Amino acid sequence: MLTYSLRRLLEAIPVLLGVTVLTFLILHLAPGDPAELIGGPTATAQEIASIRQRLNLDRPLYVQYGTFLWDLVHGDLGESLQRRESVRSMLAVRLPNTAVLALTSMLVTLIGIPLGVMAATRPNSLTDLALMNVSLLGVSIPNFWLGILLIIWFAVDLGWFPVAGYHHPFLSADGLKSLILPAVTLGTGGMALVARLTRSGMLDVLGQDYIRTARAKGLPERAVLFRHALRNTMIPVITVLGLNFGALLGGAVVTESVFAINGVGRLAVDSILARDYAVVQGSVVLIATTFVLVNLLVDLSYALLNPTIRYA
Amino acid sequence: MSTVSLRPSTSARRGSKVLGRLRRSPHFMVGATLAVLVTLAALLAPLLSPADPYYQDYAAVLKAPGTPGHLLGTDAFGRDQLSRMLFGARISLTVGITSVLLGLLVGVSLGLLAGYFRRLDRPIMMVNDVLIAFPGILLAISIVAALGTSLINVIVAVAVFSVPTFARITRGAVLAVREADYVSSALAVGAGHGRILGRTILPNILSPLIVYASLRLATSILTAATLSFLGLGAQPPSPEWGAMINQARTYLYSAPYLSIEPGVAIFVTVLAFNLLGDSLRDALDPRSQ
């Protein structure tokens with residue numbers, strides 16, 4: 001297990017480096033001169049040259065990347081071109097909001113597991129058909145639109161939840177109320193996906209000989225379903241949950257914009273519109289790195305659940 | 001020789017089986033009907049639209065759905081909502097189809113090269129792994145950030161977003177058939193690598209690609225609408241569905257239909273291609289059901 005973990009850890013390093021190279025290149029090869037952007041339309045050629053020098057923009061690209069990587073390793077993500085504030089502190093303020101949103105949405109996603117089990121235990125029944133058709137709708141619904149519908153129905157018409165924003169602390173009645181609509185918006189797609197996957201996995205496993213054996217020896221149905229069938233279904237489901245965490249992080253960009261939540265995703269979009277490249281770079285690297293690390297953890301837990309992976 | 005002579009009849013039989021399965025699938029029927037309706041709406045938009053989608057009528061601002069002459073109401077500039085939605089179908093389908101074709105072209109080429117030439121496998125898949133490491137639509141957002149906000153850049157961004165998955169699927173499929181007898185036979189009779197890749201391998205790995213392209217069309221339409229909703233894609237006054245929802249956010253209290261209607265259009269279109277993709281997958285590989 002240790003060898004496998006080390007190997008996976010080593011494999012993640014080039015991917016992480018690649019993420020930094022790509023983010024750096026995408027934004028540095030973009031048309032337009034950041035120095036002119038910072039200087040504004042009234043800046044003189046001399047002022048622009050001094051900005052370029054201050055930001056190392058006059059150095060070769062590989063030197064700029066080297067400096068960027070060195071700073072990144074030391075936790076320095078540069079300075080916002082627009083707000084003159086350290087990107088690290090801007091992200092630090094917003095990261096807890098995004099993390100809380102992603103984790104709460106993950107809880108919504110997990111509801112897909114019992115729904116999938118329910119559908120699989122009554123295959124082709126009305127419940128199964130209804131659940132699977134609803135889950136298909138859940139996969140197809142644009143999450144920004146779902147968010148708007150939830151706002152119209154539950155915040156504007158019924159007044160049950162706030163229209164936008166977060167209430168701190170999260171562990172208070174108001175805090176939890178402000179979390180529900182964004183979490184449902186972000187988690188619905190994943191919940192539908194997990195329900196479909198759990199159902200097909202369960203149906204597959206329920207046809208296996210060891211399930212027949214478990215039933216034949218008189219085990220109660222609940223033990224057969226949850227101790228034998230579900231545990232074996234969970235391996236692909238956990239992988240998808242890990243991958244879905246990436247979709248949650250990406251989706252957070254949209255959900256945060258819909259609900260005006262002060263998170264990393266919304267910061268990234270606002271910074272793109274303001275052409276504040278240092279902030280975009282910092283946000284993208286942070287989100288992508290989190291995703292790579294979560295996938296690494298998923299891979300390791302996958303190996304824990306399924307010993308054949310470790311020795312493959 | 002016998003294999004070659006048997007292949008057409010085998011594939012014809014398989015084709016009719018697949019068609020039979022599709023005809024019996026309610027999901028396929030619903031998906032195909034919805035997809036045809038959306039495509040017709042896009043093609044016939046100039047004929048079906050009651051008004052110019054850009055025409056601003058300040059005497060008819062924010063008219064509710066059902067108002068005579070404005071079946072789906074009007075927006076804050078007095079523009080006819082139905083006309084805008086019909087023209088929006090053109091934009092969404094064009095962006096979706098173009099970006100999927102572009103993604104297919106690049107992704108399949110990379111996947112074929114990675115799967116067939118062992119020496120290229122590692123470098124191509126390393127770049128691919130990096131692209132896949134960008135979660136959700138973040139890669140598309142980053143590309144739009146670099147290229148600037150416009151519909152053309154959205155097509156490029158959505159295409160790049162699709163490339164790694166197409167490449168991975170193609171590579172997997174190539175690896176599965178690379179050692180097959182018909183590939184070795186083609187090599188033995190002196191066929192070049194290009195011919196083997198294009199004429200021998202590609203036709204045999206089309207099934208997963210067709211299924212995935214159909215599903216990807218749904219994702220691409222959704223991603224493009226999302227980018228426009230965020231203000232990173234089509235810009236006002238374009239009748240792009242995502243951009244329309246973005247502009248309608250100001251009127252959630254007074255005119256919620258402005259947000260609901262284009263959302264239904266996106267939802268129905270995405271659902272149509274998801275249903276098509278799902279039923280195609282089930283028909284081509286019944287074990288996946």
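Laboratory data are not the source of any read-out in this text; all were calculated from the coordinates shown. All values reported here derive from a predicted model rather than from experimental measurement. All Cβ positions, even for glycine, are placed from backbone atoms using ideal geometry, and neighbour counts span all protein chains on display.
Quick one: Cα centre-to-centre distance for the stretch A:229-285 and the stretch A:84-98, in angstrom? Using only Cα atoms to place each centre, the spacing works out to 15 Å.
Using 1/(1 + (r/R0)^6) with R0 = 25 angstrom and r between the beta carbons of A:Leu107 and A:Leu158, what's the FRET efficiency to the nearest 0.05? Intermediate results must be reported in sequence, preceding the final value.
Numbers: r = 23 Å, r/R0 = 0.91.
Working from the Cβ atoms, E equals 0.65.
The protection proxy used here, the mean number of other Cβ atoms lying within 10 Å of each residue, ranks peptides B:176-188, B:151-163, B:244-256 as follows, highest first: B:151-163, B:244-256, B:176-188.
Quick one: in chain B, what % of C-alpha pairs are over 29 Å apart? Kindly include the intermediate steps, with their values, before the conclusion.
Details: 18727 of 41616 pairs.
Here the tail beyond 29 Å accounts for 45 percent of pairs.
With a 10 Å cut-off around each Cβ of B:139-150, the average count of Cβ atoms from other chains is 6.
Placing a label point 7 Å from the Cα of A:Glu11 along the Cα-to-Cβ direction, the residues of the stretch A:270-303 whose backbone N falls under 13 Å from that point are A:295-303.
The mean count of C-beta atoms from other chains within 10 Å of the C-beta of residues in B:24-33, rounded to a whole number, is 1. A viscosity of 0.890 mPa s and a temperature of 25 °C, combined with the Kirkwood radius over C-alpha pairs in the Stokes-Einstein formula, give the stretch A:87-305 a diffusion coefficient of 130 µm²/s.
Sorted largest first, the spans of the alpha carbon positions of the stretch A:52-204 along the three principal axes are 69, 42, 26 Å. In whole Å, how far is the Cα centre of the stretch B:150-199 from that of the stretch A:1-74? Taking the Cα centre of the stretch A:1-74 as reference, the centre of the stretch B:150-199 is 33 Å away.
What FRET efficiency do you get for B:Tyr55 and B:Tyr253 if R0 is 22 Å and r is their Cβ-Cβ distance, rounded to the nearest 0.05?
Values: r = 26 Å, r/R0 = 1.18.
After rounding, the FRET efficiency stands at 0.25.
Starting from the Kirkwood radius over alpha-carbon pairs of the protein assembly as shown, derive D by Stokes-Einstein at 10 °C in a medium of 1.306 mPa s and give it in µm² s⁻¹.
Values: Rh = 26.3 Å.
Translational diffusion coefficient: 60 µm²/s.
Taking a ≥ b ≥ c as the square roots of the eigenvalues of the Cα gyration tensor, the stretch A:213-312 is oblate, since a/c reaches 1.5 or more and a/b is not larger than b/c.
Where does helix A:126-140 land angle-wise versus the long Cα axis of chain A, in degrees 0 to 90, nearest 10? Tilt of helix A:126-140: around 10 degrees. The distance between label points at A:Tyr62 and B:Glu179 comes to 4.0 nm (points 7 Å beyond Cα on the Cα→Cβ vector).
Taking each pair of different alpha-carbon atoms in the stretch A:1-121 once, compute 1/r for the pair, average those values, and report the inverse of that mean as the Kirkwood hydrodynamic radius in Å to one decimal.
Details: mean 1/r = 0.0541 Å⁻¹.
Evaluated over the stretch A:1-121, this radius sits at 18.5 Å.
Kindly state, to the nearest 0.05, the FRET efficiency for B:Thr94 paired with B:Ala188, given R0 = 41 Å and r defined as their beta-carbon distance. E between B:Thr94 and B:Ala188, to the nearest 0.05, is 0.35. Annotation: extensible slack from B:Ser150 through B:Arg23 equals 41.7 nm (criterion: 0.36 nm per residue apart, minus Cα-Cα distance). Assuming a ≥ b ≥ c are the square roots of the Cα gyration tensor eigenvalues, decide whether the stretch B:1-146 counts as rounded (a/c under 1.5), prolate (otherwise, with a/b larger than b/c) or oblate. Oblate, since a/c reaches 1.5 and b/c is not below a/b.
Calculate the dipole size of the stretch B:24-161 relative to its Cα centre from +1 charges on Lys and Arg beta carbons and -1 charges on Asp and Glu beta carbons; express the result in debye to the nearest 20.
Numbers: 8 positive and 6 negative charges, 83 e Å.
So the magnitude is around 400 debye.
Modelled label positions at A:Leu171 and A:Leu126, each set 7 Å beyond Cα in the direction of Cβ, lie 4.3 nm from each other.
Ranking A:Asp299, B:Asp57, A:Asp276, A:Asp71 by Cβ neighbours within 10 Å, fewest first, what do you get?
Arranged by neighbour count, lowest to highest, A:Asp299, B:Asp57, A:Asp276, A:Asp71 become A:Asp71, B:Asp57, A:Asp299, A:Asp276.
Filter the trypsin sites (Lys or Arg not before Pro) in the stretch A:173-223 down to the DSSP loop ones having no more than 11 other Cβ atoms within 10 Å, then list what survives. Please report the intermediate quantities before stating the final value.
Working: sites: A:Lys177, A:Arg196, A:Arg199, A:Arg212, A:Arg215, A:Lys217, A:Arg222; in loops: A:Lys217.
Taking the stretch A:173-223 and a limit of 11 other Cβ atoms within 10 Å, the loop trypsin sites (Lys or Arg not before Pro) found are A:Lys217.
Partner shielding of B:125-134 amounts to 6, given as the average count of beta-carbon atoms from other chains within 10 Å of each residue beta-carbon.
How large is the helix-only mean residue ellipticity at 222 nm for the protein assembly as shown, computed as the sum of -39500 (n - 2.57) over DSSP H runs with n ≥ 4, divided by its residue count, in deg cm²/dmol to the nearest 500?
Details: 25 runs with 428 residues, N = 601.
Only helices count here, giving -24000 deg cm²/dmol.
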